[in-house]
Each structure stands twice: as structure tokens, then as C-alpha cells.
Amino acid sequence: MTDLLFVYGTLMRGFALHRLLVGRAQYLGPGTVAARLHDLGSYPGATRDPGGIVTGETYRIADPGILATLDSAEGPQYDREETQVRMADGCEVSAFMYWYTGPLDRGVPIPGGDYRAHAPARSIHRTTSRGGHDAA
């Protein structure tokens, strides 16, 4: 079992749900995953796409109990699975990631796959100190 976690949405530093990682996971650096990122309103969702790229952050899990907390925060429309992450230095590591499995009827693809650079995300999360949902 892996002890790494890749996050791409509101669990990243500077977003509302990052507090769930504080003291329970160690930041290792940026990474990318072959996927497509969708804007689902106040949070993103990643779906498998070998031709796409999603940018996020990679963490080493210090407290294994964090996974149950994150599973609950993510909810039933996200499945935690191991996936390959390409780190900034080019090496690949295996990490857990939350894949969105819900309906995409209201989802809009995020060009470039970077939630932090997505203008609507910046405006939503700049004015919201607590968030409802999450999304990795």
C-alpha cells in the first residue's frame, strides 16, 4: 500500500480543506497525473484521460487514519485509488488520488488541468474561508 497522496483541488495548500492534511501529511512537491479536470461549481473533479494532465500536490501520509477522514470529506462521488504521479523532477511515484465518478452534466473542463490557476476557483476560494465540499 502506498503512503503517498496526490491532491488537485480544495485539499491543496491555500484552499479550505487543506486543514485536513495539516499535521497528518507532509508536502513533497508538485506533480501531475494523466487525467482531465472538471469545474463542478465550488470544487473540481478529475476523470481518467491518458491525453490530459492534471496538476496538483503530492504528500506523504504521516497518519494512516487520515484516509478515513478524507474518504468521508470527499463523499460517495469520489473513489480513492492508486495512480501514477509524475513529480517535478521527472520521476514517477504511486500515490492515492480521488477520482470523480459522478455525473459530468454540469462539469466544465478546466483548460490546462490546474485548479489553482483556474480563475473561477480563485474567486470562489478567495472569498470563502470555509467550504462546503472538497474535492481532492
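A few points about this structure:
- Label assignment, volume of the Cα convex hull per residue in Å³ derived from the structure, set (i) 100; (ii) 238; (iii) 207: (i)
- Backbone amide hydrogens, once placed in the peptide plane, bring Tyr78 within less than 5 Å of Thr101, excluding anything fewer than 5 places away on its chain.
- Residues whose amide H falls under 5 Å from that of Ala25, counting only those 5 or more places apart or on a different chain, are Ala62, with hydrogens built in the peptide plane.
Every read-out reported here was derived from the displayed coordinates using simple, explicitly stated rules and does not represent laboratory data. Note that the structure is predicted; figures quoted are calculated from it, not measured.
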